[in-house]
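A.B. asks: Structure provided below as structure tokens; questions to follow.
The values are calculated or read from the model by the stated rules, or taken from the named source; none is laboratory data. Worth saying up front: this structure is predicted, and the values here are computed from it rather than measured. Every residue, glycine as well, gets a Cβ built from its backbone with ideal geometry; the counts of neighbours run over all protein chains shown. To get the accessible areas, we keep the full protein, side chains included, count just its heavy atoms, and leave off ligands, DNA and RNA. Shrake-Rupley method; radii C 1.70, N 1.55, O 1.52, S 1.80 Å.
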Amino acid sequence: RFRHWDSLHDDLEYMKQLLEDLSSYNKHSLRVQEFDFGVFLKQVVLSFAADCSDSEIEFTSYISSELPVIQADSVKLREVFLNLLRNAKEAISSSGSIRLDAICSDHNIVVTIQDSGCGIPDEYLPDLFTPFVTHKDGGTGLGLAIVKRTLDLHQGSIIVDSSDSGSTFTVTLP
């Protein structure tokens, strides 16, 4: 019956997310374990595909059968890929497409996530991975900073190519 309950609840959820993001950003250690990267990525893809099932977004993927067993922190890498996929989904206003491709190339795993969304303006690109810098309503400015930090801890990298017809994020892991 409290007339501001919904607003208060939304504010608490936002603060909870912010604290979780801050906590995640400040963790500099990995819990390394051996796992099959192909099986891992298929689980991530299935989870995200379920998230897209009630939208007008077409999600497709190609995961090479030659992806290796790696030693890494699967929990943090899951967060990386789901964060990139969610960002791709948020970049699409109503209908569009997202594609994930994963291959081996020169002893590296290369995962590309491409969307047909609105793209990222050129002036935003230099600060894209800077903590607390956001141009998204309700954003904390930590999502992509956490992605970058996690990939750095894994000796990986990420590059971005964007235009007004969509963005492509390419993750490379050793």
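A.B. asks: Return only the number of the condition from (1) in contact (Cβ under 8 Å) with a residue 40 or more places away in the chain; (2) closer than 21 Å to residue 32 by Cα; (3) among the polar types (S, T, N, Q) that residue 71 does not satisfy.
C.D. replies: The one condition residue 71 does not meet is (1).
A.B. asks: Being in contact with a Lys or Arg (Cβ under 8 Å, 6 or more places away or on another chain), touching a residue at least 12 places away in the same chain (Cβ under 8 Å) and among the aliphatic types (A, V, I, L, M), is that true of even one residue in region 132-154?
C.D. replies: yes
A.B. asks: Is one or more of the residues making up region 94-105 in contact with a helix residue (DSSP H, G or I) (Cβ under 9 Å, 6 or more places away or on another chain), open to solvent by less than 40 Å² (accessible area, probe 1.4 Å) and closer than 29 Å to residue 19 by Cβ?
C.D. replies: yes
A.B. asks: I'd like the full set of residues that are more than 14 Å from residue 55 (Cα to Cα), of a type in the set (A, V, I, L, M) and modelled with pLDDT of 95 or more, limited to region 89-124.
C.D. replies: Result: 100, 102, 103, 109, 110, 111, 113.
A.B. asks: Please state which one of 163, 167 is open to solvent by less than 70 Å² (accessible area, probe 1.4 Å) and modelled with pLDDT under 95.
C.D. replies: Numbers: 167 fails: modelled with pLDDT under 95.
After ruling out the rest, the residue left standing is 163.
A.B. asks: Same structure again: Among the residues of region 113-150, how many are open to solvent by 20 Å² or more (accessible area, probe 1.4 Å), in contact with a Phe, Trp or Tyr (Cβ under 9 Å, 6 or more places away or on another chain), of a type in the set (A, V, I, L, M, F, W, C) and outside any helix (DSSP H, G or I)?
C.D. replies: Result for region 113-150: 1.
A.B. asks: Also, I was wondering about something else. Restricting to region 73-88, and then to whatever is open to solvent by 50 Å² or more (accessible area, probe 1.4 Å) and basic (Lys, Arg), can you tell me which residue is farthest from residue 48 (Cα to Cα)? Step through it out loud before you land on a result.
C.D. replies: First, the residues of region 73-88 that are open to solvent by 50 Å² or more (accessible area, probe 1.4 Å): 75, 78-79, 86.
In the following step, the residues that additionally are basic (Lys, Arg) were identified as 78, 86.
Details: 78: 11, 86: 8 Å.
My answer is 78.
A.B. asks: Let me ask something additional. Take the residues in region 11-53 that are open to solvent by less than 100 Å² (accessible area, probe 1.4 Å), more than 16 Å from the chain's Cα centre (by Cα) and among the acidic types (Asp, Glu), then tell me which one is modelled with the highest pLDDT.
C.D. replies: Only one residue fits best here, namely 36.
A.B. asks: So, of the residues in region 54-72 that are open to solvent by 90 Å² or more (accessible area, probe 1.4 Å) and within 24 Å of residue 96 (Cα to Cα), which turns out to be modelled with the lowest pLDDT?
C.D. replies: Taking the candidates together, the pick is 54.
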